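I have placed the structure first, in the form of structure tokens, so that the comments after it can refer back to it.
Since every read-out is calculated from the coordinates, none of them should be taken as a lab result. Since this is a predicted model, take the numbers as computed values, not measurements. With ideal geometry, Cβ positions are generated from the backbone for all residues, glycine too; neighbour counts draw on all protein chains shown.
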Amino acid sequence: MNPRDQLLDPRLRRVIGVGAVIGVVALCLFGLWGAPPDDRQGEAMRLLYLHVPSAWLAYFAFLVTAIASALFLWPRTRSIVWDRVAGASAELGVIFTGLTLVVGSLWGRPIWGVWWAWDARLVTTAVLFFLYLGYLALRRIPGDAISTGKRNAIAALIAFVDVPIVHFSVEWWRTLHQKATVFNPELSARIEGVQALTLWIAVLAFTLVYVYLLDRRYRLAVIDDVLAEQALEQAIKIRTGDNPGVGR
Amino acid sequence: MRLWREASLVAAKDLRIEARSRIALGQILPFGIIVAILFAFALDPDSGLLTRVAPGLFWVTVLLAALLAVGRSFAVEEKSNARDGLRLTGLDGSAVFLGKMAAIAAELFFLEILLGIAVVILYGVEVNGVVVLLAAAPAATLGIASTGTLYGVLAAGLRSRETLLPLLLLPVLAPVLLGATRAFEGGLEGAPSDAWPWVGLLWIFATFYTAFGVLAFGTLWEND
Amino acid sequence: MRLWREASLVAAKDLRIEARSRIALGQILPFGIIVAILFAFALDPDSGLLTRVAPGLFWVTVLLAALLAVGRSFAVEEKSNARDGLRLTGLDGSAVFLGKMAAIAAELFFLEILLGIAVVILYGVEVNGVVVLLAAAPAATLGIASTGTLYGVLAAGLRSRETLLPLLLLPVLAPVLLGATRAFEGGLEGAPSDAWPWVGLLWIFATFYTAFGVLAFGTLWEND
Amino acid sequence: MPLVEFHSVVCLLGTFPALAGVDLQVEPRDIVLLEGPNGAGKTTLLRLIAGLIPPHSGEAQVFGLDLFKDRRSARRRLALVGHESYCYDDLTVMENLQFTFKASGVTGMEINSVLERTGLDGLAGVRHAHLSAGQRRRLALANAMVRNPELLLLDEPHAGLDEEGRACLHEIIASAPSEGRTVVLASHELELSRQLANREVRVESGTIVKSGRGEL
Amino acid sequence: MPLVEFHSVVCLLGTFPALAGVDLQVEPRDIVLLEGPNGAGKTTLLRLIAGLIPPHSGEAQVFGLDLFKDRRSARRRLALVGHESYCYDDLTVMENLQFTFKASGVTGMEINSVLERTGLDGLAGVRHAHLSAGQRRRLALANAMVRNPELLLLDEPHAGLDEEGRACLHEIIASAPSEGRTVVLASHELELSRQLANREVRVESGTIVKSGRGEL
Ligand code: HEM
Ligand SMILES: Nc1ncnc2c1ncn2[C@@H]1O[C@H](COP(=O)(O)OP(=O)(O)OP(=O)(O)O)[C@@H](O)[C@H]1O
Ligand SMILES: Nc1ncnc2c1ncn2[C@@H]1O[C@H](COP(=O)(O)OP(=O)(O)OP(=O)(O)O)[C@@H](O)[C@H]1O
Ligand SMILES: [Mg+2]
Ligand SMILES: [Mg+2]
């Protein structure tokens, strides 16, 4: 199998890039002026348009990591492509999780009066963050492509267990954090009007940004691999060339 | 059949080494009890707070002891590169996993019984639902042992094993820790009926991690 | 003079090895923060209990991280029997003690600063007396580092080092833990003036253990 | 069909190409001597054949099994005596051998006869931790023999052995072909080893520079 | 005055009398070869002379200093190449040597010349963890030489060294008397070692059974 060196077709990527920019601009307009302030939370509620999509995109990124990892583990579909996708997506997921934590924390200060609480949702989110930091640390340990790929994939699959826990934490525990508004057990969204529209714009914008960055990060991984391959060729030349010293 | 035979071979070897070096009995157990006492010390004893936090402290202590036990289980393989010898025998990775996990679980379970008695005495908690405790503890133990073994081999062979292990293991075990704590809260001072959902969750975890370990360990074990 | 030169040689070596393997920064610190989070989680968050127990948890966490740091400091000597090489150089035992202790203390102190910030943010405690904290922390750190080094060498060379160390170390450090906790209680939510006697006690401990280490380490180091 | 078949195999340790394109064939019942300077890659080559480390590129087959895909199956049929003893400190000589024996599930070998052949008869009850360097070396050899391997890989087996130990070692190597065993031996004791080997391969800087029957 | 003076020295490892009454004298500038079967007690004897383990009974003096009372002072003036390399995995060859050099506070030795003498010139920047077995052995030798010892104790220094490494080793041993050094060497490479030694001591089961100038 010839591993692809571009994740997306360049034209498609450009479209997505432009879409992402438009999406972000639209989100700013709607988020800051278009949508009305909340009756109870006032202006602080606007943080929702960052907080919720970044949380969802973090889930999505980790889901992509898990699926790519499973595809890598499955011998029939094994390809370095999946390992790269898994790593790139996990990095973005960590960034989105970090954003969720930071924005949530900023939001918590005016609404709950504290930056942080030992609430199940908050803690499981923090655990999620560290879990994938650990995963990224593990990825940095060198080795041959197949073995490290399998090792990474297994760690990613274990880590994904935490995602549903984060989501259902508000149902399973009595939490300060509010229960699901959109993806609740009844699957009926309790948000409407311009607020809902803004939320969906935000989700769309974040998704486009995610896809664009995923492609770029993938490309970076490809370049890294090419550079490593070149360095290896060089090293082989140096090793087999007649150089003095003890076998080096 | 062969899997069980091979797994019991590995477990027997590990337990024999432990029996000879007397580390589980002679050191990890006292370690657990000392940590329990230290917690009591750090948490200001006269406030009646201890009975409330006893379940959490119990399981945090077990977790720390598990880190030691897992670390030890793989340190044994590191010396004289015994790990390579074990790999050379061509044993099935799943067998190695089950064997090592069983040995660790056995040590931990033994520890929990004695530590539990110590906590009941030291912290003065009441036991309302023995059945809940007896149902929860093995599940949590299996969950901890299986994840520990899986991550132990992930970290094994890396020079930084000793310190990397806790880092990898603790976040993954957070749900087990939480479930076990809630189950024990129910079984000790609280209402046993509250605890059953948690016991179920723990068993789900244990089954999942063990099955996953059996499948994944081979891959990790084979490659370096 | 010579003692200082030799001690700084040993400390520089240990810190260079740590810098290269990135264990203190990259792994022990996240370990500390994760333990802090786990504790908070296990201790039932909404009861406002956390701010009260924060000082105790902080120091228990530091103690556990210290176990890792000490273990690592002697694991480094174990590999390829480097310990015998160090003994063969004829370095003064006191110099080895001071050097290793300084390296461990430096790592721990660094850890405490970052962990302290994390605890203040995560547990939401108030800082009433920065001076008290700044006076207490180094004393406690030196106490932990000196005792750790002394016991580290006791346990080093024994096959069961990893698990024996906590057992030996934790009881001896109980007073330090208590003093540091009380001092921090005063410096954080309580009244700083209450804390000063504890700070004094900590310094007495640190001085005593360090002096004792300088005198006793040589003997332990020389014999096998 | 050759037991070992390598074509321009590259093997990395970290990022360092310890083997930088190796071609090697070992026929059944050969006794191959690997020689070469320190750091040439002999140990790496043996560990690669044993399936303990993965190859990076090239073609690598042992017993006809591809080392890129399956390193475990081949391992069951070979044994490696490495620089270290691969034994557990807290188990006795006998217990170590018994564990290896049972774990490999071999037949046609008696532990006691292996103990005799390696001159360890008197030490069956001694823990590995208490053995001297040469005794450990013998145990490592016994630990390999107890698996009755078709392919025996020896990495500097002479190191640390006394006269008697060397005699045991030579008996084992010399009788390998008649017992249906193939031997690959890395050693710096060239005079001793050349008497035994029927092929000699010189490794230098991660490649094989000479290879032939008899002395080079 | 002899450098090493042992009278019926007993030395225990655990409860096992690894040395059961040893009489030994080493004169300045001697090159003494210790030989004997595996497990005889050669390593134990060298570690005892180096002051790494305490004697149990008898009379034991090194450089005229009593090993029962003071093992540290003698250590500053000797060096031991043991079965392991005594080096730190994470430090480079150069850093390891520099640390030993500074810690021993010696004078009259240049690290670079030692690197050359042991053939390690090209490896100064490589971490110990990445060295091959023979390279580690060379480093162990360099690590001993960098301390410019009056008494050089070598425990099977040949093991793992290639031809070039053995030449370096032999140069160091052969030039020891002219550099004012005394050498005690335990080895199973009898032919090579006998060419160098001017005294040979045979150790068997923890005692010295023969001792004399030239071949026994
Ligand atoms: C550090 C603090 C916080 C963290 C870590 C956090 C984490 C999360 C996460 C992970 C989600 C995604 C839930 C899911 O769909 O499964 C979420 C959703 C949400 N959060 Fe937060 N949050 C924090 C603070 C806050 C605050 C202060 C508020 C407002 C008072 C808030 C309001 C919401 C809302 C409204 C949702 C959407 C719920 C839904 O539709 O499912 N969060 N948060
Ligand atoms: N992790 C690593 N990173 C970089 N280089 C390494 C690493 N491990 C080993 N090397 C180098 O790989 C080379 C091959 O080592 P190997 O142990 O195979 O040599 P060898 O032929 O067995 O030598 P010896 O005769 O000394 O045992 C050595 O030059 C060594 O320095
Ligand atoms: N802790 C111990 N308890 C009991 N016996 C021990 C212990 N350590 C070593 N021995 C025994 O002491 C004896 C002396 O070992 P030593 O390493 O000195 O031998 P050696 O002459 O160096 O042998 P070799 O040539 O194999 O290196 C050996 O027979 C060994 O089994
Ligand atoms: Mg080698
Ligand atoms: Mg020896």
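Once the Cβ-Cβ distance between A:ALA26 and D:HIS7 is put in as r, and R0 is 56 Å, what FRET efficiency do you end up with, to the nearest 0.05? Step by step, r from the Cβ atoms, then E = 0.45. Counting Cβ atoms of other protein chains within 10 Å of each Cβ in D:38-49 and taking the mean gives 5.
Between copies, the label points of C:PRO175, set 7 Å from Cα on the Cα→Cβ line, lie 4.7 nm apart, reported in increasing order to one decimal in nanometres. Ranked from shortest, the separations from the 7 Å Cα-to-Cβ label point of D:GLN25 to its equivalents in the other copies are 6.5 nm.
Within the same chain, aspartates and glutamates fewer than 8 places from D:LYS210 are excluded, and of the rest, those with a Cα less than 12 Å from its Cα are D:ASP23, D:GLU35, D:GLU200. List the residues of segment A:78-92 whose backbone N lies under 16 Å from a point placed 7 Å from the Cα of A:GLN230 along the Cα-to-Cβ direction. What the label zone holds, given the 16 Å backbone N cut-off, is no residue at all. For the peptides D:82-90, C:200-208, A:223-231, residues were scored by their other Cβ atoms within 10 Å and the scores averaged per peptide; the highest-first order is D:82-90, C:200-208, A:223-231.
Amide H contacts of E:ARG199 (H built 1.01 Å from N, in plane; Pro and chain starts excluded): E:ILE31, E:LEU33, E:GLY214 sit under 5 Å, all sequence-distant by 5 or more or on other chains. Taken residue by residue and averaged, Cβ atoms of other chains lying within 10 Å of the Cβ of D:129-141 number 4. Against the empirical 2.2 N^0.38 Å (N residues), segment E:73-183 has a Cα radius of gyration ratio of 0.96. Projected onto its three principal axes, the C-alpha set of segment B:2-223 covers 56, 32, 27 Å, listed from the longest axis down.
As an exercise, use a Förster radius of 22 Å and the Cβ-Cβ distance of B:ARG16 and B:GLU78 to find the FRET efficiency, rounded to the nearest 0.05.
The pair B:ARG16/B:GLU78 has a calculated efficiency of 0.80.
In order along segment E:110-120, the phi-based Karplus estimate (6.51 cos²θ - 1.76 cosθ + 1.60, θ = phi - 60°) of 3J(HN,Hα) comes to 10, 4, 5, 5, 5, 4, 5, 5, 9, x, 9 Hz; Gly and Pro are listed as x. Between E:VAL10 and E:GLY21, E:VAL22, E:HIS56, E:SER57, E:GLY58, the built amide H atoms are under 5 Å apart, and every one of these is 5 or more places off in sequence or on another chain. Diffusion coefficient (Stokes-Einstein, Kirkwood radius over C-alpha pairs, 25 °C, 0.890 mPa s) for chain A: 121 µm²/s, rounded to a whole number.
On full extension, the segment bounded by B:ASP194 and B:ILE113 gains 26.9 nm, given 0.36 nm per residue less the C-alpha separation. Residue-wise HN-Hα couplings along segment D:19-32, as the Karplus relation 6.51 cos²θ - 1.76 cosθ + 1.60 with θ = phi - 60° gives them from phi, are 10, 10, x, 10, 10, 8, 10, 10, 8, x, 6, 6, 10, 9 Hz; Gly and Pro carry x. Cβ-to-Cβ counts within 10 Å put D:ILE172, B:ILE28, A:ILE22 in ascending order as A:ILE22, D:ILE172, B:ILE28, the fewest first.
Ordered by the number of other Cβ atoms lying within 10 Å of each residue's own Cβ, fewest first, D:ILE53, A:ILE238 fall into the sequence A:ILE238, D:ILE53.
Over every Cα atom in the protein assembly as shown, the radius of gyration and the widest Cα-Cα span, Dmax, amount to 31.5, 105 Å.
Among A:THR65, A:THR148, the ranking by other beta carbons within 10 Å of each residue's beta carbon, starting with the fewest, stands as A:THR148, A:THR65. Need the list of lysines near C:LYS100 for cross-linking: C-alpha distance under 27 angstrom, and skip anything on the same chain fewer than eight residues off. Counting by Cα, and skipping residues close in sequence, C:LYS100 has these lysines nearby: B:LYS79, C:LYS13, C:LYS79, E:LYS69, E:LYS102.
Only bridges whose two residues both fall in the protein assembly as shown count here: according to DSSP, what percent of them are antiparallel, nearest 5? If we restrict to bridges inside the protein assembly as shown, about 55 percent are antiparallel.
Near D:ALA176, no amide H atom lies under 5 Å from its own; only residues 5 or more places off or on other chains count, and H is placed 1.01 Å from N. Across identical copies of the chain, C:SER8 has label-point separations of 6.4 nm, listed in ascending order, with the point defined 7 angstrom from Cα along Cα→Cβ.
Evaluate peptide D:79-91: per residue, the Cβ atoms of other protein chains within 10 Å of its Cβ; return the mean as an integer.
Average per residue, whole number: 6.
With 0.36 nm allotted per residue and the present C-alpha distance subtracted, the D:GLU171-D:SER57 stretch has 37.3 nm of extension available.
Here's the picture: a label point sits 7 Å out from the Cα of D:ARG29 along the beta-carbon direction, and within segment D:118-153 the residues with their amide nitrogen under 16 Å of it are D:150-152.
Helix content alone sets the calculated 222 nm mean residue ellipticity of chain C: runs of n ≥ 4 DSSP H residues at -39500 (n - 2.57) each, divided across all residues, give -29000 deg cm²/dmol. Across chain D, the volume of the C-alpha convex hull divided among the residues equals 117 Å³ per residue. Note on C:MET1 and E:ALA20: the model spin-label points, each 7 Å out from Cα along the C-beta direction, lie 5.3 nm apart. Applied to segment D:171-179, the Karplus parametrisation 6.51 cos²θ - 1.76 cosθ + 1.60 on θ = phi - 60° returns per-residue 3J(HN,Hα) values of 4, 5, 5, 5, 8, 4, x, 5, 8 Hz, with x for Gly and Pro.
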